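What follows is a short report on a single structure.
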Amino acid sequence: MSGWRSALTSRDAPVSDPPRWRRLLPALGYAAGVAVPVTGLALLVRARVDGVLPVDQALIDAATAVTRADPGLRGVLLAWQEVFQPRWVYLAGAGVAVWVWRRHGLTGRALWGFVTMMAAWNLALDLKYVVQRARPVVLDPVSHAPGYSFPSGHAANVAAAGTVVTVMLWPVLRSRAARTATVVAAATVVTVTALDRVLLGVHFPTDVAAGVLLGSGLALASYAGYRGWHPVHPAAHPGRSGPLRHTPKEV
């Protein structure tokens, strides 16, 4: 009888959340995982390391030769470049944020998504002025772009927005097929955008790699921080016991 009573008491005992600082550790881990490789690439390109620059330039020369030989491909790449300008990307992302807020009541998630996208937009731009890498020099250029080169703003912003939009939509997408399709679509857009920047000769491959790391990593670190600050109560998870409380809609 005492064993049965102690088991029942243990099952019904409140499940205490870990301290907030511990819940925020995953966010710090994601942030470090992004900062280390991006900073490393920035240092390499600022120092003009011999092992990096020739490879970057050779890849740019080969990529632009492919684009130059195919006017149809060049037209598609230029159109893609315009469609995925950061202002259009974030306008679409803001529309998704408004939709998940108004249609599904995910206010906190929508606000998190919008703030994260705006932070990513500004951080990518600020980092360009810190590194101040010149754009690639191509003898017979197929496109031109203003400003500095590292990191690729298109790649960083599309990666950030794609990751944020996927996370915002995740609770709304109830089927595995819908979630898989969303992830595949976001990854495809990021990949094509990265290739677009190199094939047009406006960014080095290292610029694009840094942009994708920065954008997606910042979004994941931000979401880990959001979840750490606003944890899901154990009652939201089937099979976990705890006191009956209001179960948040945002999981």
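Laid out as a table, the results:
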| quantity | calculated |
| --- | --- |
| For the stretch 121-133, Karplus couplings with θ = phi - 60° (6.51, -1.76, 1.60), whole Hz, Gly/Pro x | 4, 6, 5, 4, 5, 5, 5, 4, 6, 6, 7, 6, 8 |
| Label-to-label distance, nm, for residues given as residue 195 and residue 35 (7 Å Cα→Cβ offset) | 3.5 |
| Simple spin-label estimate for residue 59 and residue 134 in nanometres, 7 Å along Cα-Cβ | 2.1 |
| Å² per residue, accessible surface of the stretch 100-219 at 1.4 Å | 44 |
| Convex hull projection area averaged over all views, the stretch 48-176, Cα basis, nm² | 10.3 |
| Inter-probe distance in nm under a simple model that places probes 7 Å from Cα toward Cβ, at residue 122 and residue 79 | 3.6 |
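The values are calculated or read from the model by the stated rules, or taken from the named source; none is laboratory data. Just so it is clear, the model here is predicted, and its values are computed rather than measured. Counting neighbours? That spans all protein chains shown, and the Cβs are built from the backbone with ideal geometry, glycine included. Ligands, DNA and RNA are stripped out before the accessible areas are found, and what is left, the full protein with its side chains, is counted by its heavy atoms. Shrake-Rupley method; radii C 1.70, N 1.55, O 1.52, S 1.80 Å.
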